[in-house]
Structure formats: structure tokens, C-alpha cells
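What follows draws every value from the coordinates through simple rules; no lab data is involved. Because the structure is a prediction, the values reported are computed rather than measured. Glycine also receives a Cβ, built like all others from the backbone with ideal geometry; neighbour counts cover every protein chain displayed.
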């Protein structure tokens with residue numbers, strides 16, 4: 001199994017990409033610390049993994065709160081004795097308005113979860129990994145980490161920030177055994193798109209040369225590779241997974 005004996009922390013694990021990642025990591029042998037603000041679905045996911053023969057615990061945590069990130073890492077150490085992998089996945093979409101109309105409180109909320117939350121995670125994940133002498137951090141950015149998208153300024157700014165944060169952390173810690181990479185999914189079938197009608201979803205699908213939206217499992221596959229030993233020379237990189245979106 002690709003991730004046997006590795007301990008992985010996944011934020012935003014209760015649904016969407018995070019849920020698919022948790023299930024795939026468990027299948028590959030990882031021991032899991034799952035975090036989310038959705039306690040009901042998060043606990044249910046951990047129970048399912050344990051029932052199926054894996055090992056998982058759930059911690060209710062808000063990535064925009066630094067102490068919650070510390071608590072999540074502490075839980076990994078206390079339960080499993082170490083931390084090998086972190087997938088900083090939690091994120092929100094935010095309001096869809098032009099810059100001149102965007103509510104400043106919404107800006108702050110999106111930045112605090114999508115960007116500051118990634119920093120808070122790494123702030124506590126990295127010291128834990130340094131004790132092992134190795135680790136892999138995967139920050140979930142977006143295709144919108146490298147291009148703009150009208151009426152999504154806070155989201156776009158946060159995801160651009162994740163790319164810069166990832167590259168900087170990789171420069172600082174790769175020689176110490178900690179690899180840091182980011183993944184840029186395009187539009188994926190997750191709860192972030194649930195509020196859209198079918199026509200809007202079809203329009204989004206049409207933006208991708210491949211002709212469809214992505215599946216959460218397709219994103220989880222690259223996470224498995226980045227978390228495992230086969231990607232041992234990969235660090236400081238950005239991996240778009242976008243059905244050709246950025247090739248246009």
C-alpha cells in the first residue's frame with residue numbers, strides 16, 4: 001500500500017475532495033486525522049473508515065482559528081505518535097460580486113479560511129514533521145491560483161497566495177526533508193457547486209476542453225502520489241488538475 005504506516009492530517013475532510021482523499025488514503029494504508037467544522041459528517045466518515053478496517057479519528061476544527069490547527073496536530077501526535085502528511089484542503093467559495101461591491105467581511109472570511117488557514121496549518125504541521133526528519137505537505141489551491149476569474153476576487157487572491165506560500169515553505173524546508181507542493185483543481189463536483197442549477201453546471205463544464213467537471217477521486221489520486229514515496233523529488237511545485245482549462 002502506497003501510504004502504509006504514514007499518518008496523515010486532512011482538513012475539510014467531511015465532504016467533497018477531502019472526503020474522497022480520506023477514503024483513498026485509508027485504502028492505501030494511512031492512519032488519519034480528519035478535521036472539519038461539520039462534526040456530524042466528519043464523525044460518520046471516521047466511523048466508516050474504522051468499520052472498514054482503517055484507522056481514523058475526527059477533530060472538529062476551524063482552519064481560520066490558529067489554536068484549532070495546533071489542536072489537530074497535537075491530536076495526530078497523541079493518537080499516532082507522529083505526523084507524516086498534511087493535506088490543507090479546507091476552503092470556501094465566498095460571495096460572487098465585483099471588487100467594488102464585495103462585502104469586506106466576506107473578503108476577510110475567505111482570506112482567513114482559504115489562505116490564513118493554510119498558513120496556520122503549516123505553522124504547526126512543519127515543527128511536528130521536523131521531528132521525523134521528513135514529511136509531505138499538500139496545499140489545495142485551484143486553477144484560480146494562477147489565473148483570474150470575474151466576481152471571485154477574494155477566492156482568486158487567496159489561492160494565488162497559497163501558491164506563493166507553498167513555494168516559500170518549500171524553499172525553507174525541502175533540504176530538511178519536508179516537501180511542500182500545491183495542487184490546482186479546476187471545477188470539481190463538490191458541495192461548493194451544489195447551489196448552482198444544471199444550466200450553470202453545464203456552462204462550467206463547457207469551460208474545460210475535456211468537456212466535463214472533475215471528480216473528487218481524480219484529485220485524490222494526485223494527493224496519494226504527492227503523499228507517498230514515489231514523489232520524493234517533487235517539491236515547490238504546482239500541479240494543475242484541470243481538464244485542460246489552463247491550456248486555453
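Here are some notes:
- Here the mean projected area of the convex hull built on the C-alpha positions of the range 30-152 is 8.6 nm².
- Computed over the chain, the per-residue total of -39500 (n - 2.57) for DSSP H runs of n ≥ 4 gives a 222 nm mean residue ellipticity of -13500 deg cm²/dmol, rounded to 500.
- At full extension, residue 150 and residue 96 could sit 18.6 nm farther apart than now, given 0.36 nm per residue minus the alpha carbon distance.
- The chain: most fluctuating residue of 23, 115, 83 per GNM, C-alpha cutoff 10 Å: 23
- Contour excess over end-to-end distance, with Cα ends at residue 217 and residue 193 and 0.36 nm allotted per residue: 7.0 nm
- Principal axis box of the range 154-222, alpha-carbon based, largest edge first, Å: 48, 28, 22
- More than 16 Å apart - percent of Cα-Cα pairs taken over the range 26-77: 40 percent
- Working note: Debye formula, equal point scatterers on the alpha-carbon atoms of the range 67-134, no solvent; log10 I(q)/I(0) at q = 0.11 Å⁻¹ is -0.36.
- Folded to 0 to 90 degrees: helix 117-132 orientation relative to the chain principal axis, Cα: 20 degrees
- Inter-centroid distance (Cα atoms) of the range 11-85 relative to the range 178-196, Å: 18 Å
- Volume of the Cα convex hull of the chain, divided per residue and given in Å³: 121 Å³
- Binning the alpha carbon pair distances of the range 201-248 at 10 angstrom intervals from zero yields the distribution 24, 42, 27, 7, expressed in whole percent.
- R0 of 25 Å, Cβ-Cβ distance residue 234-residue 82: FRET efficiency to nearest 0.05: 0.75
- Fluctuation leader among 220, 141, 13 - the chain, Gaussian network, Cα springs under 10 angstrom: 220
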